[in-house]
Amino acid sequence: MTVKPHYKIANNETGASISIDLPGVKKEDVKLTSKAGALTVSASRTQTTPEGWQLINQAAKPEEYELDLELDKTLNVSDAEAKFENAVLTLSISKHEESLPREISIQN
Amino acid sequence: MNQTNDMRNILPWNSGIFAELNNIINQSINAIDSEVEQRCAGYPNSKHQLFSTESGWAARVDLPGYTKEEITLNFEDHTLTLKAENETRGERNLRLALGDEVETTAISAKLENGILEITLPKKESLSLESTDIEIQ
């Protein structure tokens with residue numbers, strides 16, 4: 001079963017930070033690609049159930065995570081930095097040079 | 001809260017179908033509680049799977065974003081209580097009511113890839129086995 005993982009985006013002046021929850025996923029099973037301002041995260045959650053274990057509650061059993069994000073044009077997606085800790089993928093994406101706030105000095 | 005404990009001594013809440021029913025009710029209550037909590041905090045529910053195993057129970061709880069130091073696990077009076085807390089993700093709670101006697105000294109838990117797996121073996125029902133007594 002493929003599900004969309006839960007994620008949160010935080011924006012600030014210099015860029016954006018995205019955290020994506022990927023429980024049950026190992027770092028090597030995370031695939032992160034970017035293309036023309038769009039970001040795709042896909043991951044597989046491998047978890048075997050020991051013999052003799054029977055599920056007794058109504059729980060979803062996700063096997064694949066897939067997330068497509070269309071990002072703001074000011075963000076430089078190709079230079080995104082990613083880190084994976086405690087099953088959370090955190091992406092730091094900064095804005096393109098020209099989109100950053102800049103002070104323009106006035107000539108005399 | 002104490003009143004429900006008293007009721008459980010009188011009625012067979014901890015065996016068979018009642019255990020399952022109790023569990024479903026508790027889970028629904030927990031789901032609603034944590035749903036409200038998490039919607040306010042902006043994060044989703046903790047998903048969990050509950051298994052019956054050959055030796056007792058097992059639970060797998062999705063807890064991405066927490067280290068094991070940030071999670072407290074407690075077992076008291078047939079109830080497993082979990083609390084995970086940190087500054088980034090806030091607080092997450094889970095309570096599971098389990099029927100049958102759990103061998104509390106044998107409960108084990110491990111956190112791997114953001115999933116907390118807890119195994120709760122049942123007490124050996126030695127009292128049901130018959131013992132032959134030799135006459136001197």
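Which loop GluC sites (Glu not before Pro) in segment A:10-70, with loop taken from DSSP, have no more than 14 other Cβ atoms within 10 angstrom of their Cβ?
Numbers: sites: A:Glu13, A:Glu28, A:Glu51, A:Glu63, A:Glu64, A:Glu66, A:Glu70; in loops: A:Glu13, A:Glu51, A:Glu63.
Counting only loop positions with at most 14 other Cβ atoms within 10 Å, the GluC sites (Glu not before Pro) in segment A:10-70 are A:Glu13, A:Glu51, A:Glu63.
Take each of the peptides B:113-121, B:73-81, A:99-107, B:86-94, average the number of other beta-carbon atoms within 10 Å over its residues, and list them starting from the highest.
B:113-121, B:86-94, B:73-81, A:99-107
If you count, for every residue in A:76-87, the Cβ atoms of partner chains within 10 Å of its Cβ, what is the mean?
Details: counts 0, 0, 0, 0, 0, 0, 0, 0, 0, 4, 13, 10.
Mean partner shielding for this stretch: 2.
Using the beta-carbon distance between B:Lys110 and A:Asn12 and R0 = 30 Å, what value does 1/(1 + (r/R0)^6) give for FRET efficiency, to the nearest 0.05?
0.25
Please list, or write none, the lysines whose alpha carbon is within less than 20 Å of the alpha carbon of B:Lys47, excluding same-chain residues fewer than 8 places away.
Those lysines meeting the cut-off are A:Lys4, A:Lys8, A:Lys26, A:Lys61, B:Lys68, B:Lys83, B:Lys110.
Extension gain A:Lys31-A:Leu69, at 0.36 nm per residue separation less the Cα-Cα distance, in nm?
Result for the pair: 12.3 nm of gain on full extension.
Just to verify a number: FRET efficiency for B:Thr81 and A:Arg102, C-beta to C-beta distance, R0 = 51 Å, to 0.05?
0.45
Read-outs throughout are calculated quantities, based only on the coordinates presented, and are distinct from any laboratory measurement. In this text, all values refer to a predicted model and were calculated from it rather than measured experimentally. Cβ sites come from the backbone with ideal geometry, for glycine too, and all protein chains shown count toward neighbours.
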